[in-house]
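See structure below.
Computed from the coordinates by the stated procedures, all read-outs in this text should not be read as laboratory data. A quick note: this is a predicted structure, and the numbers were derived from the prediction, not measured. For neighbour counting, all protein chains shown are included, and Cβ atoms are generated from backbone atoms with ideal geometry for every residue, glycine included.
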Amino acid sequence: MAIFKDKQYFRVNLDKEADEGLWLRCKSCGELVFKRRVRENNNICPNCGEYFFLTAKERVESLIDEGSFEDVSEPIVADDPLGFQDEKPYPQRLGEAQEKTGLPSAIILASAKISQMPVVIGVMEFQFIGGSMGSVMGEQICHGMEEAIKRHCAFILVSSSGGARMQEGAFALLQMVKTTAVRGRLAKEGLPFISVMTYPTTGGVQASIASLGDIIIAEKGAMIGFAGRRVIKETIAEELPKNFQTDAFAIEHGIIDRVVKREDLRGELTSVLRFFQEESE
């Protein structure tokens, strides 16, 4: 039973598409803001400081050195091993996600530089079926760590995911084990793994690879957890803290190491990479 297929594959391009409008309205303060100004401000509202959603392409662009992007992803897209259909067939859902995001799968994988230091970086795209981890994402994450070993550099994973992809059933759940196993190889080589959790990092991604970083950073405002708040509340029959599954709750309970504002994230990664670089010298 095939899990991958190589047709319909296309390389990731970071070039921005033409804006459909020059202005957008902030859902927090209600003000109209100039779209270019928002982008120049790390997709943060210049009036109230509220975060706008970042696509994977925008996230990559905000973190790496200009001109250093090299797509190193495998030429694969998901197959339909279960013949799955809910409101629509799985292949149709995949095609719509590819058209919407301009990506072949829910993750961008690149060799790049951050402040002139080489890295391999994977960034999840939440708009691609909720950033869910199916067989392709699992394979790409493993390939990224293997590329980091080959290039002898750090691996960075930026998570934004609702968890395992239900349309692939056990094939998706197996990615938790597979990525964890390859992460062990990265550790044996003494190469750093930096995990960055954004909004949201949940389900099987949070329960496996995203929680295995040598350093785990949460972007301010991140949602971090496994199951939904309502499900947990009904399961344990107890009231949950108001800040449950927030960045503040995660750092208070030792789930993460740092909470960093979006505008400071590139600088934080630079500091962490330099620390590991000095330790290895």
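Miscellaneous remarks
- Scaled against the 2.2 N^0.38 Å expected of a compact globular protein of N residues, the Cα radius of gyration of segment 184-263 reads 1.18.
- Within the listed set 187, 56, 110, the residue fluctuating most in the Gaussian network model of the chain (springs between alpha-carbon atoms under 10 angstrom) is 187.
- Counting every alpha-carbon pair across the chain, the share separated by more than 35 Å comes to 16%.
- Stretched out straight at 0.36 nm per residue, the stretch from residue 22 to residue 270 would grow longer than its current Cα-Cα span by 86.0 nm.
- Applied to segment 135-144, the Karplus parametrisation 6.51 cos²θ - 1.76 cosθ + 1.60 on θ = phi - 60° returns per-residue 3J(HN,Hα) values of 4, 5, 4, x, 5, 5, 4, 4, 4, x Hz, with x for Gly and Pro.
- Full extension of the segment from residue 263 to residue 207, taken as 0.36 nm per residue of separation minus the current Cα-Cα distance, would add 17.5 nm.
- For residue 178, the aspartates and glutamates whose Cα falls under 19 Å of its own Cα, not counting residues fewer than eight places away in the same chain, are 74, 79, 139, 146, 147, 168, 189, 214.
- The ranking of 235, 246 by Cβ neighbour count inside 10 Å, starting from the fewest, reads 235, 246.
- Across the cross-link table entries 188/242; 35/261; 35/233, which are compared at the Cα atoms, the separations over 28 Å belong to 188/242; 35/233.
- Segment residue 237..residue 152, full-extension length gain: 25.8 nm, with 0.36 nm per residue of separation and the alpha-carbon distance subtracted.
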